[in-house]
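The values are calculated or read from the model by the stated rules, or taken from the named source; none is laboratory data. Since the model is a prediction, treat every value here as computed from it, not as a measurement. Counting neighbours? That spans all protein chains shown, and the Cβs are built from the backbone with ideal geometry, glycine included.
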Number of protein chains: 2
Amino acid sequence: MIAGIELGGTKTVVAIGSADGRVIEEFRFPTTLPQETLGVAIEWLRARGQPTSIGIAAFGPIGIVPNRANYGKVLETPKAGWAGFSLVGCLASAFPTAGIILDTDVNAAALAEARIGAGIGLDDVAYITIGTGIGGGILSGGHLIHGALHPEFGHLKVPRMAGDDFPGTCSFHGDCLEGLASGPAIAARWGTPAHELPADHPAWETQAWYLAHGILSLVAIVSPSRVIVGGGVCQAEGLHRKINARLIEIAAGYFPPVLGGDYVVPPALGQQAGICGALLLASSGNEG
Amino acid sequence: MIAGIELGGTKTVVAIGSADGRVIEEFRFPTTLPQETLGVAIEWLRARGQPTSIGIAAFGPIGIVPNRANYGKVLETPKAGWAGFSLVGCLASAFPTAGIILDTDVNAAALAEARIGAGIGLDDVAYITIGTGIGGGILSGGHLIHGALHPEFGHLKVPRMAGDDFPGTCSFHGDCLEGLASGPAIAARWGTPAHELPADHPAWETQAWYLAHGILSLVAIVSPSRVIVGGGVCQAEGLHRKINARLIEIAAGYFPPVLGGDYVVPPALGQQAGICGALLLASSGNEG
């Protein structure tokens, strides 16, 4: 029995599924305090059998590098009651014979989109999600990138559009990519939430300009075969086409992978990417 | 017998060495045409025995992803006579029983610095070299990053320093990082070659500012445990300290790995990194 848990800031999903990441049965419920939230997931799983392995896709920051003291734990977080809680320890106590594999929610979604979604068949895929913040997960040569902590794609810096003096909304960095192109940044800049801006609003050219520059850094550093851009703020019709066009322009012929015009694509799995990724983590090991 | 070949634009090194990347004996000679250059290396190796494996660290662009049609070949290059030449094919003909592993010169140097140099003991290390161009090699979770082509770190874009209107020297992108911070960029901006600028020249604050912003993108995307910055343009006393200070400032407390103040360091292997990396490629497989 392969099990997955997607632990989000407001909702949690627990599921059993197939080795190729398909959900057989799932249960969604609100995320509350850690013992209570994991307790609900454990009870739901126990009613269905003994998992042989459990994949967890969790909100960050979390310790995901094995052999570090913080492995398996929620790190410093403003979310009350969660800092220091051991996700892996809690599940290992409940299911002592199960293999337990933990990764970030965005890495799990990247794995799912790469294996059974918009990056199917590719071993070098970047997945970016744009909502309240901007996050990124990267599969490189078939391995999820973890690094010393984990990627925080939203907080890199990009050039400013000529004449743009919007200060940005990131409380740490002001005009990092997240401060310029996340949902709150769009709302602050245009006075309207992203989902209310029509597809022909100039906001989307600005959005495409900044996202293309962030993606150029991805191309220069990890050379993905495809970049999947999703999240609540990327639903506007034609946005991916605008990003592709701007990326080809600024790459200036130098990066062959981007030249096809369909390099930046929307996700294929929608809201299911996280839980499918948790199942893939469970079935395939950590990939890293 | 473990063999390594470092194929550079102007010189080639062939060596035999130990499984841990130490050179036992080496021979340096000018790089000329491909058959002639490889011929010298093959003859030198044959006089010493039959290699069980050969690592090649080569100037780019080269095809380094197995199972692609261009694997093992030199790709489009202005270097006369080399485009389309199969490095792996040539060596496999000469030594049919040897395992042959190819990577870029900068990836090989990154591997050597990570395993036996300034990043010893770490599995997440970035290596940047700054000279005529800017290149980067990344070891992530113990695997060298290849991607769809290979990283071209120098060609990402960074913000501009307030008031800096230097147009940059990159023939593709103008003011990409390479166009702002490579050796030719420094020479064009200050009218003096980098090696003639004194350590207290304001050029080095500008250099540190731009390099710190490029490194911030590395931190956000692959989260290295350490960044090694080398190459002919990084010899100025105190430059690494300046980069560290600027990086801590722009990270603004958000990226714990960078906070120690010794995150950006000089290389430890100097001119030997490439050939040591070729030997490590030969002894350990491609890591990717």
A:Pro96 being outside the structural domain of A:Pro257 (by TED's automatic domain parsing), at pLDDT 95 or above and not small (Gly, Ala, Ser)
yes
Of the residues that make up region A:230-241, is at least one closer than 25 Å to B:Cys170 by Cα and either among the β-branched types (Val, Ile, Thr) or more than 13 Å from chain B (Cβ to nearest Cβ) (or both)?
no
Identify, from the list A:Ile42, A:Ile54, A:Ile24, the residue that is in contact with a strand residue (DSSP E or B) (Cβ under 8 Å, 6 or more places away or on another chain) and surrounded by 14 or more Cβ atoms within 10 Å (Cβ to Cβ).
A:Ile54
Members of region A:81-96 that are without any contact (Cβ under 8 Å) to a residue 12 or more places away in the chain and not in a helix (DSSP H, G or I)
A:Ala83, A:Gly84, A:Pro96
State which residue is farthest from A:Arg160 (Cα to Cα) when the search covers only region A:238-281 and only residues that are of a type outside the set (A, V, I, L, M) and in contact (Cβ under 8 Å) with a residue 60 or more places away in the chain.
A:Cys276
Taking B:Ala278 and the conditions (1) surrounded by 21 or more Cβ atoms within 10 Å (Cβ to Cβ); (2) among the small types (Gly, Ala, Ser); (3) within 14 Å of chain A (Cβ to nearest Cβ), which numbered condition does it fall short on, given that it satisfies the others?
(3)
Any residue in region B:153-173 that is among the hydrophobic types (A, V, I, L, M, F, W, C), free of Cβ contacts under 8 Å to residues at least 40 places away in the same chain and touching a Gly at 6+ places or on another chain (Cβ under 7 Å)?
yes
Selected residue (only one of A:His213, A:His240 is closer than 14 Å to A:Thr129 by Cα, crowded, with 18+ Cβ neighbours inside 10 Å, out of contact with any helix residue (DSSP H, G or I) (no Cβ under 6 Å at 6 or more places or on another chain) and assigned by TED's automatic domain parsing to the domain that holds A:Asp165)
A:His240
Among (1) modelled with pLDDT of 95 or more; (2) under 27 Å from A:Leu280 (Cβ atoms), A:Arg160 falls short only on (2)
So, of the residues in region B:137-157 that are facing chain A (nearest Cβ under 7 Å) and farther than 18 Å from A:His143 by Cβ, which turns out to be surrounded by the fewest Cβ atoms within 10 Å (Cβ to Cβ)?
B:Glu152
Among the numbered conditions (1) of a type outside the set (Gly, Ala, Ser); (2) crowded, with 24+ Cβ neighbours inside 10 Å; (3) in contact with a helix residue (DSSP H, G or I) (Cβ under 6 Å, 6 or more places away or on another chain); (4) more than 23 Å from B:Leu216 (Cβ to Cβ), tell me where B:Val233 comes up short.
(4)
Among residues of region A:174-194, those that are touching a Gly at 6+ places or on another chain (Cβ under 9 Å) and touching a residue at least 40 places away in the same chain (Cβ under 8 Å), counted:
7
Do we find a residue being without any contact (Cβ under 8 Å) to a residue 12 or more places away in the chain and over 21 Å from B:Leu177 (Cα atoms) anywhere in region A:202-224?
yes
Would you point out the residue of region B:116-136, among those that are crowded, with 24+ Cβ neighbours inside 10 Å, of a type outside the set (Val, Ile, Thr) and within 13 Å of the chain's Cα centre (by Cα), that is farthest from the other protein chains (Cβ to nearest Cβ)?
B:Tyr127
Quick one: count up the residues across region A:158-197 that are within 21 Å of A:Glu237 (Cα to Cα), within 12 Å of chain B (Cβ to nearest Cβ) and in a loop (DSSP other than H, G, I, E, B).
0
Count of residues meeting criterion [farther than 15 Å from B:Val125 by Cα, assigned to a loop (DSSP other than H, G, I, E, B) and out of contact with any Lys or Arg (no Cβ under 9 Å at 6 or more places or on another chain)] in region B:237-268
6
Across (1) buried (at least 18 other Cβ atoms within 10 Å of the Cβ); (2) at pLDDT below 95; (3) among the β-branched types (Val, Ile, Thr), B:Val14 clears everything bar (2)
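Okay, residues lined up against (1) among the hydrophobic types (A, V, I, L, M, F, W, C); (2) closer than 25 Å to B:Gly55 by Cα:
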| residue | (1), (2) |
| --- | --- |
| B:Ile186 | yes, no |
| B:Leu211 | yes, no |
| B:Leu216 | yes, no |
| B:Gly232 | no, yes |
| B:Ala236 | yes, no |
| B:Pro257 | no, no |
| B:Ala278 | yes, yes |
| B:Ser283 | no, yes |
Residue count for region B:53-71, restricted to those that are within 18 Å of the chain's Cα centre (by Cα) and either in a strand (DSSP E or B) or at pLDDT 95 or above (or both)
6
How many of the residues in region B:249-275 are buried (at least 16 other Cβ atoms within 10 Å of the Cβ), within 14 Å of chain A (Cβ to nearest Cβ) and either modelled with pLDDT of 90 or more or closer than 15 Å to B:Glu113 by Cβ (or both)?
4
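Results for (1) more than 11 Å from chain B (Cβ to nearest Cβ); (2) polar (S, T, N, Q); (3) in a helix (DSSP H, G or I), shown as yes or no for each residue.
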position	(1), (2), (3)
A:Asp200	yes, no, no
A:Thr206	yes, yes, yes
A:Ala212	no, no, yes
A:Val227	no, no, no
Cβ pairs under 8 Å, 6+ apart, first in region A:3-24 and aromatic (Phe, Trp, Tyr), second modelled with pLDDT under 95 and in a strand (DSSP E or B):
none
